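Asks: This is the structure I have questions about; it appears just below.
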Amino acid sequence: MAQRHMTTIVSLTLLALVLLAWEFLPPALDVPRFIIPTLSDCLAEFQRMWAFEGLWAHVLSTALYTALGFAIGSLLGAVLGYLLGMSAFWEKVLSPYILALQIAPKVAFAPLFIMWFGYNSMPKLLVTVLIVFFPVLVNVLQAMRTVDRDLINLARAYNLSRFGIFWKIEMPSTVPNLMAGLRIASTLAVIGVTVGELVGGNTGLGFLISYGGGQANAAMVFNAIILLTVIGFVLYSALVRIEERVLHYLPKAHG
Amino acid sequence: MALEFRSVTKRFPTNSGEELTAVKDVNFRVEEGEFVSAVGPSGCGKSTILSMTAGLYQPTEGQVLVSDEPVTGPNTHVGFMLQKDLLLPWRNIISNIEFGLESRGVGKEARRERAMKELKHCHLEGFDQQYPYQLSGGMRQRAALARTLAIDPEIILLDEPFSALDAQTKLLLQNSFAKTIAEAGKTTLLITHDLAEAVLMSDRILVLSERPGTVIADIKVDLPHRDEPIKRRTLPEVADYAAQLFKLLKLEEKAA
């Protein structure tokens, strides 16, 4: 417990030091505020954005599409992962294409989606779905391949049906990997939405970044980045909470 | 009669295209309520015998009969246990014990009742709500035995269930298994490489040859206290039986 107190104190002290450096170092070094705005510049800009730029609506829009894209992408990834995991044949047939798509930079599809669907929310949603899809798919597929054969034999000896084996053995066995995939995917979801908003559209924090960049308003860009990080952090923390709940049966490394 | 192998041969295809004969012309019978062990060098097809009894795959030639019926697939007559306890880590102990009953149309309450009974049999009272990681290796194996007994099989197959345990736990567990199995009156086939274990726990010992495995000796263990290996251990004859097995296995090695 004392150890935990200590880490909190040191961690907060570090934060305070960074904030102080941020506030006082740039003016001391004569860095202009359109290059590096200070903490107080950013706070002032935050208030202005809140009052005049409809910041809250932008935040909500980005958060909504992050969550939506994450949900759809991970659902599709998990479902396909389980289906392929049950069929060695289709997994072999499809794996080179899955690999190719996984390697292709998903964000590069954004302009294409805009050409196809126009300047609306569809492109950013699709980029997010696409970017979230693969880590979940690959993690689930990997886990399905490594399910303990003896457990499956046990289930067979107990007369479980194919579906019973999936539902009672394979599915729970793969949950740890699924959760790991979801955690990776949650951080990628924010990237997907941001890229979608950067490339086209007039809402969301990604839009504010390109808008602020065009006006040489570095404080606006800073604020948008910070808020994007917060959205990603909230999603990630929620997943960690869920994971702790779901995987309570695993022995913990740190008492 | 509970279990019978009639001239059973099992060949597996290998990657090189040739066939591997795991067991060849295996013949033996296990009477009802008997405790029989199979010993042999590694790779003698002990696990193949077990898998065929469990119905996980069929013999290439010959027949495996459980309660005078040929085994054609996984069936309700057989319960098996391996070196790994195979408890599902995401289930607590009681629902692990219930696992085998779920596919047999046993109602929820009846399942719980039966599982609780077996929990008691295996001396795990009070651990029903614990998860496998919270139990010691010996307790986990007892839970696995409870799960096996819960389905009330006619035959229990044990595939080296004690080999991953330390010497003391092993002895205590052998004793508790022997007692539980004797009380339940179950026919048992134990696969083991531990000769002393075979002598301490069995009514009869089948000695298998190297691959392709076949039965080279069928030894009756004429000693008391089958339900208490710890007591049987103190008998001087135990060493003679072990020596006899040792000789049999060694001779075969030289001949091969």
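Asks: Taking the Cβ of residue A:219 as the centre, find all other residues whose Cβ is under 10 Å away and add up their charges (Lys, Arg: +1; Asp, Glu: -1).
Replies: 0
Asks: Hey, got a sec? Which trypsin sites (Lys or Arg not before Pro) in the range A:206-255 land in a DSSP loop and have at most 15 other Cβ atoms within 10 Å?
Replies: Answer in residue order: A:252.
Asks: On to the next question. With an 8 Å cut-off on Cα pairs and a minimum separation of 6 or more residues, tell me the relative contact order of chain B in percent.
Replies: So the answer I get is 25 percent.
Asks: Return the average number of partner chain Cβ atoms within 10 angstrom of each residue Cβ along peptide A:143-152.
Replies: 1
Asks: From the cross-link list B:120/B:250; B:10/B:250; A:168/A:252, which pairs have alpha carbons spaced over 32 Å apart?
Replies: Listed pairs above 32 Å: B:120/B:250.
Asks: Summing both sides, how much accessible area is buried between A and B? Use a 1.4 Å probe and give Å² to the nearest 100.
Replies: Answer for the A-B pair: about 2000 Å² buried.
Asks: With a ≥ b ≥ c the root eigenvalues of the C-alpha gyration tensor of the range B:37-99, is it rounded (a/c under 1.5), prolate (a/b larger than b/c) or oblate?
Replies: Cα axes put the range B:37-99 in the oblate bin.
Asks: Can I ask one more? Taking the Cα centre of each part, how many Å lie between the range B:174-232 and the range B:84-163?
Replies: Spelled out, the Cα-based centre of one part sits 22 Å from the other.
Asks: Could you give the longest part of chain B that holds none of the GluC sites (Glu not before Pro) found in DSSP loops with at most 15 neighbouring Cβ atoms within 10 Å?
Replies: Looking at chain B, B:126-256 is the longest stretch - no exposed GluC sites (Glu not before Pro) with at most 15 other Cβ atoms within 10 Å.
Asks: Quick one: accessible area per residue over the range A:37-246, 1.4 Å probe, rounded to a whole number of Å²?
Replies: For the range A:37-246, the per-residue accessible area is 49 Å².
Asks: Now for a separate question. Angle between the Cα long axis of helix A:88-103 and the longest principal axis of chain A, 0 to 90 degrees, nearest 10?
Replies: Rounded to the nearest ten degrees, it is 10.
Asks: If you take every residue apart from residue B:7 with its C-beta less than 13 Å away from the C-beta of residue B:7, what net charge results, scoring Lys and Arg +1 and Asp and Glu -1?
Replies: +1
Asks: Can you give the angle from 0 to 90° between the axis of helix A:122-145 and the longest principal axis of chain A, with both taken from C-alpha atoms, to the nearest 10?
Replies: 40
Asks: Okay, moving on. Straight-line reach only, C-alpha to C-alpha below 19 angstrom: list the aspartates and glutamates that residue A:124 could link to, leaving out same-chain residues fewer than 8 apart.
Replies: The qualifying aspartates and glutamates are A:197.
Asks: Using θ = phi - 60° and the Karplus relation 6.51 cos²θ - 1.76 cosθ + 1.60, list the HN-Hα couplings for the range B:121-135 in order, rounded to whole Hz, with x at every Gly or Pro.
Replies: Here the 3J(HN,Hα) series is 3, 8, 6, 10, 3, x, 9, 4, 8, 6, 9, x, 5, 8, 9 Hz.
Asks: Let me make sure I get this right: for chain B, a, b and c are the square roots of the gyration tensor eigenvalues over alpha carbons, sorted descending. Under 1.5 in a/c it's rounded, otherwise prolate if a/b > b/c, else oblate. Which is it?
Replies: Since a/c reaches 1.5 but b/c is at least a/b, the shape of chain B is classed as oblate.
Asks: Same structure again: Does chain A come out rounded, prolate or oblate, given a ≥ b ≥ c as the square roots of the eigenvalues of its C-alpha gyration tensor, rounded meaning a/c under 1.5 and, failing that, prolate meaning a/b above b/c?
Replies: oblate
Asks: Also: Which lysines, if any, have their Cα less than 17 Å from the Cα of residue B:231, not counting same-chain residues under 8 positions apart?
Replies: Cα-Cα hits under 17 Å: B:170, B:179.
Asks: Let me ask another. From the phi of every residue in the range A:210-216, what ³J(HN,Hα) in whole Hz does the Karplus formula 6.51 cos²θ - 1.76 cosθ + 1.60 yield, where θ is phi - 60° and glycine or proline is x?
Replies: 6, 5, x, x, x, 9, 6
Asks: Can you compute the helix-only [θ] at 222 nm over chain B? Use -39500 (n - 2.57) per DSSP H run of at least 4 residues, normalise by all residues, nearest 500 deg cm²/dmol.
Replies: Value at 222 nm, helices only: -11000 deg cm²/dmol.
Asks: Follow-up question, since we're still on this one. Just want to confirm a number: the relative contact order over the range B:89-152, from Cα pairs under 8 angstrom separated by 6+ residues, in percent.
Replies: 50
Asks: Just tell me how shielded B:78-91 is by partners: mean number of partner chain Cβ atoms within 10 Å of each residue's Cβ, no decimals.
Replies: So the per-residue partner count for this stretch is 4.
Asks: Would you mind working out the accessible area per residue for chain B, using a 1.4 Å probe, and quoting it in Å²?
Replies: 44
Asks: Something else: About the Cα centre of the protein assembly as shown, how large is the charge dipole given +1 on each Lys and Arg Cβ and -1 on each Asp and Glu Cβ? Please answer in debye to the nearest 20.
Replies: 580
The values are calculated or read from the model by the stated rules, or taken from the named source; none is laboratory data. All values reported here derive from a predicted model rather than from experimental measurement. Counting neighbours? That spans all protein chains shown, and the Cβs are built from the backbone with ideal geometry, glycine included. The protein model used for the area step is the full one, side chains on, heavy atoms only, and it has no ligands, DNA or RNA in it. Shrake-Rupley method; radii C 1.70, N 1.55, O 1.52, S 1.80 Å.
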